[in-house]
Structures are given as C-alpha cells and as structure tokens.
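Okay, so here's the structure we're looking at.
The values are calculated or read from the model by the stated rules, or taken from the named source; none is laboratory data. Quick caveat: nothing in here was measured; it's all calculated off a predicted structure. All Cβ positions, glycine included, derive from the backbone under ideal geometry; neighbour counts span all protein chains shown. Each accessible area value is taken on the protein alone, full model and side chains, heavy atoms only, with ligands, DNA and RNA left out. Shrake-Rupley method; radii C 1.70, N 1.55, O 1.52, S 1.80 Å.
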Amino acid sequence: MVRLLPLALLFACQPAEEDEAVPLPTVWGLETLPDQDPAEDVVEVNLVATEGQATIDGIASTLWGYNSQVPGPLLQARVGDTVRVNFANGLSEPTTVHWHGLRIDNAMDGVPALQEPVQPGDSFTYEFVVPDSGTFWYHPHVRGHEQVERGLQGAMVIHEEEPLAYDVERYFVLDDILLDEDNRLAGGFDPVGGMTAMHGRLGNTLLFNGQLDPLQAEVAAATRERWRVVNTANARTLSIDVADAAWQVIAVDGTLLTEPWPGVGPIRLEVGRRYDLEVIPEAGAELQVVVPTTTGDAAYPAFQGALVGDGESPDFLFTRGPAPMAMDDVEQELTLTLDAANGQYGVEFMINGLRYGEGDAIPVDVDTPTRIVIEETTGLEHPFHLHGQFFRLVSRDGGGPFVPGSLDTLLVDGGERVELYTDFSNPGRWMAHCHILEHAETGMMTEFDVR
Ligand code: C2O
Ligand code: CU
C-alpha cells in the first residue's frame with residue numbers, strides 16, 4: 001500500500017491494545033486495523049480520512065486515504081461480531097463510510113439519505129453486527145467519484161466462524177487511476193460533459209494494493225491459498241486470470257458458492273465485485289489483470305508468486321458450499337429502466353426517467369420474493385449495485401457471463417435485459433445504483449423503501 005505524508009496532523013490514532021484471545025487469520029497484502037476492544041466478539045477500530053501527499057514511483061500527488069494509507073487498512077472481523085468504527089473526518093469536505101456488500105442495520109449504511117454526512121473535523125461511530133462472512137470493502141458515499149478516485153477505498157474481510165483452512169490468505173485491491181502528462185493524479189473529477197460523463201473516469205494506470213509494480217511474494221509448493229480480489233476502479237470493468245497455478249472461484253461478492261466455479265480465465269471483474277479464488281501454486285502463481293485494448297487483450301501481472309519448496313500439489317480444499325438464497329414464487333415485480341438524457345452539463349444518467357432525488361423511494365414489501373427486471377436503454381454498460389440485500393441472477397440476454405451465487409453487484413451490458421431475484425429480507429431504505437461513480441453522480445441512483 002501507499003503511505004501518505006500528512007498535509008496536517010489532525011487526529012492521532014491510538015496504539016493497539018491487548019489482542020483478542022482467538023486471532024483471526026493473517027491476510028497478506030494490507031495492514032490490518034488493530035482491534036481496540038479486548039472482547040472476543042467485538043472489533044473496535046479507529047479510522048480517519050486524511051488528505052496527504054504520496055509519491056508512487058516518483059509520482060507526487062495529493063491523495064486521500066484512510067489512516068494515511070491507499071488503499072485503506074484491512075478491517076477484519078468474524079461473522080456475528082459487533083464492529084465498531086470510530087470514524088473521524090480529516091478531509092476539508094463532508095464524507096461518510098459505506099460498507100459495500102454488508103447486510104447490516106440500515107442506519108449504519110453510510111449514505112447521506114440516512115446519515116448527516118460527517119463534516120470536516122467531526123466524527124461518527126459506526127456500529128453494526130456482521131451477519132455474513134465474506135470479502136467486502138468500504139468507501140465514501142458522498143462525492144464518491146472524487147473521494148474514491150483519490151484513494152478512499154478500503155478492504156474488509158469477515159471471516160467464517162471456522163475459517164476455511166487455507167495455508168495463506170491474500171487480499172488484492174485492483175484500481176485504475178487517471179494520471180496526467182506529469183504523472184500526477186489528473187484533475188477534472190466532475191462528470192460535466194465529455195467522455196468522463198459518458199463512460200465514467202477511465203484511468204490509464206493500474207494500481208495493485210496501491211502500487212504500480214506487481215506485488216511479489218514467495219508461494220510454497222504443496223499448499224493452498226485463498227485470494228480475495230476487488231475492483232475499486234471508478235468505472236473500468238477489469239478481468240482477472242491466474243497463471244502458473246491450479247485455481248477455482250470459491251466465492252462471489254463475499255458469498256461462498258454452492259459449487260466451485262472452475263478456473264477458466266479471464267473472468268470479468270466489474271467495479272465493486274469481489275471474487276475469492278482458491279489457488280494451488282504450481283510453477284509459481286500469478287494474478288493477472290486483463291484489459292481489452294484495440295489490438296486485443298493485454299495481461300498485466302498484479303501479483304507474482306515465486307515458487308519455493310517442492311511436493312505434490314494437493315486437491316482443492318473447497319468442494320461444496322452452502323445452498324444459495326432459495327428462489328420462491330415471485331410475489332412482487334419491479335422494472336428499473338437505465339436511461340440517460342442531456343442535461344445542463346451534458347449527458348446525465350437516470351433510473352426510470354428520474355435523476356436521484358427527483359422521485360420518491362420505491363416502496364417494496366420486506367421478506368417477499370421479488371423479481372427485478374433491469375432494462376438497459378443507453379447502449380452503455382452499468383455495474384448495478386444493491387445495498388443491504390443479496391440478489392441472484394436469473395437470466396440475461398446480453399453476452400455477459402452467467403454469475404452464480406448471491407450477489408450485490410452485477411454488470412449489465414449495453415441494451416441488455418436482466419432478470420434478478422431478491423427476497424428483500426433486510427428492512428429499511430436501501431440504495432440501488434450504477435457503480436460507475438460518475439453515472440451515479442449525475443443521477444443513476446434510486447432507493448428502495450423496504451417495509
Ligand atoms: Cu460500493 Cu452504493 O456502493
Ligand atoms: Cu452506469
């Protein structure tokens with residue numbers, strides 16, 4: 001990760017106190033937030049959003065980070081734990097923290113509709129019980145297009161009650177940022193006209209846990225690793241592949257799959273999506289980010305494992321997971337039309353003909369089998385994200401892959417009609433939006449009022 005030099009020292013973080021009795025698995029690649037609460041089922045951490053100066057391989061830019069790190073430190077807990085985050089805003093503008101993918105209490109979701117944004121110099125305590133294990137992440141939900149691009153994005157792992165017995169766990173935050181000719185973070189964040197409004201802010205530089213160079217470590221023969229991967233880019237759909245290893249997908253958006261998904265890459269990693277991969281190093285083990293170019297796909301190594309030791313490769317550890325959310329006979333149905341219009345500053349994106357804030361929250365019944373039909377009408381792709389609930393992909397008519405399991409994010413292709421299923425089991429007001437943050441900013445967001 002990249003460390004920021006503080007522009008001003010506003011808050012001091014407490015040093016770690018006594019560790020809890022049962023340690024969580026170590027996750028390689030990111031620093032873990034120290035747990036300040038000795039109780040075994042409580043994780044209390046201090047998180048501060050800061051502005052700072054970072055030099056990434058000679059590139060000095062003002063970045064914003066959590067605890068002066070880009071990406072932010074890893075928040076780790078165990079399913080069922082109470083998580084308390086003492087958050088302080090050291091930025092010069094308001095912010096919130098949203099826990100992407102967690103089905104937590106509505107009031108703690110970190111969106112401005114439910115929480116007065118935390119003002120500069122103010123603080124807020126997020127406290128919630130984590131109901132699901134899996135791979136998640138956190139980021140602001142105020143001016144996200146600039147705040148996330150500047151570096152406010154952090155990783156979160158909620159371990160299973162009995163963590164799967166992998167020899168090594170690694171977390172990879174994949175990002176794509178836009179640098180100017182002087183190799184500084186380019187300005188012009190706001191999606192006012194032009195390509196940024198149309199396609200979102202597409203970067204020209206990949207970051208792997210905040211680094212330009214591939215991450216490197218030794219990988220041991222005859223072991224099994226669990227790799228957790230997230231795409232935190234503002235707008236760019238990435239694909240990932242694994243070389244020099246046997247691998248399979250064991251979880252999507254946090255949830256363990258009923259059956260593993262065989263490792264045939266590259267697989268599409270839309271913005272916001274997480275995959276957990278089981279990897280058995282063979283000649284080594286390399287995580288690749290695959291980006292389409294005009295002359296074909298280009299594969300960039302994100303992680304390069306150098307093989308040490310020898311020994312027979314074991315079988316895969318993960319063979320079966322829990323059943324996915326049951327799909328019962330549908331009792332309510334809604335259609336979301338993804339559309340766009342020309343506004344004051346150029347193209348603006350909408351849902352059902354309305355920019356966010358122009359309509360009321362869509363009322364839906366809680367605990368009710370629901371079909372959500374998404375109709376894309378602009379010809380552009382949109383990573384659809386639903387807060388606070390899981391959904392399943394029922395059918396799609398575009399060229400995109402069928403994605404198994406319980407999801408919170410799914411890329412809808414241009415012109416596509418997608419059918420999703422959810423049971424809306426978590427009451428409250430929950431956002432649904434395009435995770436191309438510039439599309440969300442111009443209006444492609446809505447809210448469900450689940451009661
Ligand atoms: Cu990851 Cu509403 O966001
Ligand atoms: Cu979009």
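Before moving on, here are some points about what is shown:
- A340 meets each of the listed conditions (1) at pLDDT 95 or above; (2) under 24 Å from the mean Cα position of the chain (by Cα) apart from (2).
- When we screen P427, P401 for residues that are surrounded by fewer than 20 Cβ atoms within 10 Å (Cβ to Cβ) and modelled with pLDDT of 95 or more, the only hit is P427.
- Residues considered: V394, V418. Of these, the only one that is open to solvent by 40 Å² or more (accessible area, probe 1.4 Å) and among the aliphatic types (A, V, I, L, M) is V394.
- Just one of the listed residues (A197, A233) is free of Cβ contacts under 8 Å to residues at least 60 places away in the same chain and open to solvent by less than 10 Å² (accessible area, probe 1.4 Å), and it is A233.
- Tally of residues being open to solvent by less than 30 Å² (accessible area, probe 1.4 Å) and closer than 19 Å to R429 by Cβ across the stretch 119-130: 2
- A single member of D315, D367 is under 30 Å from A165 (Cβ atoms) and out of contact with any Gly (no Cβ under 6 Å at 6 or more places or on another chain), and it is D315.
- Options R143, R103; residue that is touching a Pro at 6+ places or on another chain (Cβ under 7 Å), touching a residue at least 60 places away in the same chain (Cβ under 8 Å) and open to solvent by 10 Å² or more (accessible area, probe 1.4 Å): R103
- Single condition M198 does not satisfy, out of (1) within 18 Å of the chain's Cα centre (by Cα); (2) more than 29 Å from F316 (Cβ to Cβ): (1)
- The stretch 146-168: number of residues that are away from ligand 1 (no atom under 16 Å from the Cβ), open to solvent by 10 Å² or more (accessible area, probe 1.4 Å) and not aromatic (F, W, Y): 8
- Here D175 fulfils each of the conditions (1) among the acidic types (D, E); (2) assigned by TED's automatic domain parsing to the domain that holds V249; (3) open to solvent by 40 Å² or more (accessible area, probe 1.4 Å) apart from (3).
- Top-ranked residue in the stretch 1-60 [being within 24 Å of the chain's Cα centre (by Cα) and open to solvent by 90 Å² or more (accessible area, probe 1.4 Å); ranked as modelled with the highest pLDDT]: T26
- Residues of the stretch 253-300 satisfying the condition of being small (G, A, S) and either more than 16 Å from ligand 2 (Cβ to nearest atom) or touching a helix residue (DSSP H, G or I) at 6+ places or on another chain (Cβ under 8 Å) (or both): G254, G263, G265, A283, G284, A285, G296, A298, A299
- Scan the stretch 398-431 for residues that are under 20 Å from D132 (Cα atoms) and out of contact with any helix residue (DSSP H, G or I) (no Cβ under 8 Å at 6 or more places or on another chain) and the total you get is 14.
- Residue-level analysis places D360 among those that are over 25 Å from the mean Cα position of the chain (by Cα) and surrounded by fewer than 20 Cβ atoms within 10 Å (Cβ to Cβ).
- In the stretch 254-289, residue farthest from the chain's Cα centre (by Cα) [restricted to those that are of a type in the set (S, T, N, Q) and either open to solvent by less than 10 Å² (accessible area, probe 1.4 Å) or closer than 19 Å to P324 by Cβ (or both)]: T258
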